[in-house]
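The next block holds one structure in the form of structure tokens; read it before the comments.
The values are calculated or read from the model by the stated rules, or taken from the named source; none is laboratory data. The model shown is predicted, which means the values in this text are computed figures rather than measured ones. Every residue, glycine among them, receives a Cβ derived from its backbone with ideal geometry; neighbour counts consider all protein chains shown.
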Amino acid sequence: MHHRNAPLAVTSILAASLLTMTHDSPAAQPGLTASNPFAAVSPLPLHYPQFDRIRDTDFSPAFDAGMAEQLAEVRAIADNPAAPTFDNTMVALERSGQVLDRAQTVFYNLVGADTNDARNKLRSDYAPRFSAHSDAILLDGKLFARIESLHSRRAALGLDAEAVRLIERYHSDFVRAGAKLSAADKEKLKTMNAELATLGSRFTQNVLDEVNASAVVVDDVKQLDGFTPAQIEAAAQEAKSRNLPGKYVITLLNTTGQPPESQLTHRPLRQRLHEASIHRGAKGGQWDNREIVSRTMKLRAERAALLGFPNYATYGLEDQTARTPDAVNKMLRQLAPAAVANAKREAAALQARIEKDGGNFQLAPWDWSYYTEKVRAEQYAFDESQLKPYLELDNVLEKGVFFAANQLYGLTFKRRTDLPVYHPDVRVYDVFDANGKQLAIFLSDMYARKSKRGGAWMNEYVSQSGMTGYLPVIANHLNIPKPPAGEPTLLTWDEVTTAFHEFGHALHGMFSNVRYPYFSGTRVPRDFVEFPSQVNEMWADWPAVLKNYARHYQTGAPIPQQLLDKVIAAAKFNQGFATTEYLGAAMLDQRWHQLPADKVPAADGVLAFEASALAADGVDYAPVPPRYRTTYFSHIMGGYQAGYYSYIWSEVLDANSQDWFKAHGGLTRANGDHFRKTLLSRGGSRDALELFREFAGHEPQIGPLLEKRGLTVAQ
């Protein structure tokens, strides 16, 4: 997934760019000593963060000084006696908030990748303060009057298209943030925003704390049958780290399904893992999120109503490519019957396999991935254990992900060890363009740890901009279990495709070639941002790429052609399950955010609403629970609210684009350069669907997605 730099408490995703740009700041700011690493631009290459100098105690002074500085800058813009011009208003806003940006960008990236108690407390303490700071800018009447003046005259100002679009986007952000409300309603909005920021912070922290605390303790090593020796050793080490010598601990990921379920032969342990996962956030006690969910959904609906919308989804989708909840509902409901029908066919095959093994039980959620691997092995004569020796992490990254980028775009990569990192597992690479000039710096942070949130994401430490002259510093994060010292890191196929996916986001950030920071890189509609990363997944099993990186970690022998063919042939396997579990979560997100405030259930009705919503959409198929249940659905509590549909919406564009690449010769520089020129380099500087049409030469069509996922439209 993509992860924006800072889940700031701003009132719209795009308005966040007021606070997330990177600009020149030649001198230390008032209230900050020169020793504070955020007081001035980092002197390191491409303004790479000074991780070795940054202390947790540096953030609060930088936040405070940064907010004061930006408010003073905004006040000067709003009070300027000169008539509003593009330069004295729009460009001045783009240049505001430098210290705050530097501090927030590093802070929120670290909270995701390597948090601690001090950072968690800062996040909670500052969430309402950042919300108030954002409101002070977005609800400033004098400032908005200047923007509105420019907006009304934008066609007559003699500006280029990107500058005109900047005025339009700022104007939209301010209106959507409440700039046209009465003074009394602005005060109501500020109160709501502050509470929502606090609730979001608490939910995020609860999910992280509980996923760590919910790890499953195993007393008898025999129950770990199916694990590799390295996995057993890792479980023993995890137990020791928790002061449980002689025991074994299996940690959880923040998804409903847990990867060990595909390996463990001991069915009761698989069930324990599943139940530990699905009951998170709803068991009572300190991490129960039901009250937070209920209050958040009610507040979001009330806030949307205050801004003139019938529900939050209508508000949230207005500036996405989907535009309306009806468009999203139509697409999801078109896919759901076919997906569930496929899942039921898959379930029948799994049930037959259970009975073939002498089992006298009905397929349950904790059986699905275990028997899927058995059926996969039968149908395609391979399983993950055959594949993993050929998928060693360094090879996947440097000879796979980087190789594909070289073949498509002419990029080269050079590891460097002289720059500081925030954790020893992080690797740093210089990225050079085809002409030999430096394009970016790339950070690779691949291993799971307790201080890191779940999932996979990309973020930016420095964003490209012609206005600032800055080049990008981009990071990718995965959550691959770290093997014991001296053991190779062997990946699952899913982890390989995730590495290619996240690097697609990285390319979107690195290729950015826009003037204004607002439009840099991945600052595009949320339901478009996943599209370039999904396209990049296609190269994971492209024969020339796969042959280059898929080599046995001990012998160096290339993956056998026969096994390679099986990987590609199995691509549509289990897609009924994958699509159904995803749609369950996406449709649940829409159901929550299409509620008016008076229909939002109280805390004790959250799970009942979830059940009824899944049933109403026909995705309440017991063996395939949603990928996330409401009480640990972090996406929709911070950043992807009413937007989890974005992955499949983007995948329509992705499937069309994969067809385009294949029709034009596949992995070639000409194709890569066309994709880069027409789309990847443009950021948010033009309408997203216009960019797609310029790249592909036609409107998006749903047929390629149905084909890709092995679905047919249900009648």
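Can you tell me which of 131, 149, 182, 172 is in the same structural domain as residue 66 (by TED's automatic domain parsing), closer than 20 Å to residue 515 by Cβ and polar (S, T, N, Q)?
Values: 131 fails: closer than 20 Å to residue 515 by Cβ; 149 fails: closer than 20 Å to residue 515 by Cβ; 182 fails: closer than 20 Å to residue 515 by Cβ.
After ruling out the rest, the residue left standing is 172.
For the range 240-294, which residues satisfy the criterion of being in contact (Cβ under 8 Å) with a residue 12 or more places away in the chain and among the small types (Gly, Ala, Ser)?
Within the range 240-294, 257, 262, 276, 277, 281, 282, 294 meet the criteria.
Which condition from (1) surrounded by fewer than 21 Cβ atoms within 10 Å (Cβ to Cβ); (2) under 18 Å from residue 625 (Cβ atoms); (3) at pLDDT below 95 is the one that residue 335 breaks?
(1) is the only condition that residue 335 fails.
What about residue 237, is it assigned to a helix (DSSP H, G or I) and crowded, with 16+ Cβ neighbours inside 10 Å?
No.
Each row is one residue, and each column tells you yes or no for (1) over 25 Å from the mean Cα position of the chain (by Cα); (2) surrounded by 15 or more Cβ atoms within 10 Å (Cβ to Cβ); (3) in a helix (DSSP H, G or I).
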position	(1), (2), (3)
186	yes, yes, yes
189	yes, yes, yes
193	no, yes, yes
197	no, yes, yes
201	no, yes, yes
212	no, no, yes
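Please go through the range 127-145 and pick out each residue that is surrounded by fewer than 22 Cβ atoms within 10 Å (Cβ to Cβ) and assigned to a helix (DSSP H, G or I).
The answer is 128, 129, 132, 136, 141, 142, 145.
Give just the number: which of (1) hydroxyl-bearing (Ser, Thr, Tyr); (2) free of Cβ contacts under 8 Å to residues at least 12 places away in the same chain; (3) surrounded by 23 or more Cβ atoms within 10 Å (Cβ to Cβ) does residue 645 not satisfy?
Unmet for residue 645, out of (1) hydroxyl-bearing (Ser, Thr, Tyr); (2) free of Cβ contacts under 8 Å to residues at least 12 places away in the same chain; (3) surrounded by 23 or more Cβ atoms within 10 Å (Cβ to Cβ): (2).
Give 300, 345 a once-over and let me know the one that is closer than 21 Å to residue 607 by Cβ and either surrounded by fewer than 17 Cβ atoms within 10 Å (Cβ to Cβ) or touching a residue at least 12 places away in the same chain (Cβ under 8 Å) (or both).
Details: 345 fails: closer than 21 Å to residue 607 by Cβ.
Of the residues listed, the single one that is closer than 21 Å to residue 607 by Cβ and either surrounded by fewer than 17 Cβ atoms within 10 Å (Cβ to Cβ) or touching a residue at least 12 places away in the same chain (Cβ under 8 Å) (or both) is 300.
Go over the candidates 62, 72, 103 one by one and state the one that is assigned to a helix (DSSP H, G or I), among the small types (Gly, Ala, Ser) and within 25 Å of the chain's Cα centre (by Cα). Before the answer, list the steps.
Working: 62 fails: within 25 Å of the chain's Cα centre (by Cα); 72 fails: within 25 Å of the chain's Cα centre (by Cα).
Every option except 103 fails the conditions.
Hey, can you tell me all the residues within the range 130-177 that are within 27 Å of residue 59 (Cβ to Cβ) and charged (D, E, K, R)?
135, 140, 173
Can you pull out the residues in the range 407-436 that are assigned to a loop (DSSP other than H, G, I, E, B), among the charged types (D, E, K, R) and within 24 Å of residue 667 (Cα to Cα)? Lay out the reasoning, then the answer.
Step one: of the range 407-436, the residues assigned to a loop (DSSP other than H, G, I, E, B) are 410-411, 417-426, 433-436.
Checking the rest, the ones that are also among the charged types (D, E, K, R) come to 418, 425, 433.
433, the sole residue that qualifies.
Of the residues 614, 607, 564, only one is assigned to a helix (DSSP H, G or I), free of Cβ contacts under 8 Å to residues at least 60 places away in the same chain and more than 30 Å from residue 506 (Cβ to Cβ); which? Let's see the steps before the verdict.
Working: 607 fails: free of Cβ contacts under 8 Å to residues at least 60 places away in the same chain; 564 fails: more than 30 Å from residue 506 (Cβ to Cβ).
Of 614, 607, 564, the one residue that is assigned to a helix (DSSP H, G or I), free of Cβ contacts under 8 Å to residues at least 60 places away in the same chain and more than 30 Å from residue 506 (Cβ to Cβ) is 614.
Quick check: anything in the range 505-513 touching a residue at least 40 places away in the same chain (Cβ under 8 Å), surrounded by fewer than 23 Cβ atoms within 10 Å (Cβ to Cβ), of a type outside the set (D, E, K, R) and touching a Ser or Thr at 6+ places or on another chain (Cβ under 7 Å)?
Yes - at least one qualifying residue is present in the range 505-513.
Of everything in the range 155-174, what is surrounded by fewer than 19 Cβ atoms within 10 Å (Cβ to Cβ) and over 23 Å from residue 76 (Cβ atoms)? Give them in sequence order.
Residues satisfying the conditions are 155, 156, 158, 160, 161, 162, 164, 168, 172.
Would you confirm, using the coordinates I've provided, whether residue 524 is in contact with a His (Cβ under 6 Å, 6 or more places away or on another chain) and within 30 Å of residue 318 (Cα to Cα)? Break it down into steps so the answer makes sense when it comes.
Numbers: in contact with a His (Cβ under 6 Å, 6 or more places away or on another chain): no; within 30 Å of residue 318 (Cα to Cα): yes.
Criteria not met by residue 524.
Identify all residues within the range 433-451 that are crowded, with 20+ Cβ neighbours inside 10 Å, within 30 Å of residue 207 (Cβ to Cβ) and touching a residue at least 60 places away in the same chain (Cβ under 8 Å); write none if there are none. Talk me through it step by step, then tell me what you get.
Taking the range 433-451 as the starting set, the residues that turn out to be crowded, with 20+ Cβ neighbours inside 10 Å are 439-446.
Applying the additional criterion that residues be within 30 Å of residue 207 (Cβ to Cβ) yields 442-446.
Correct list: 442, 445.
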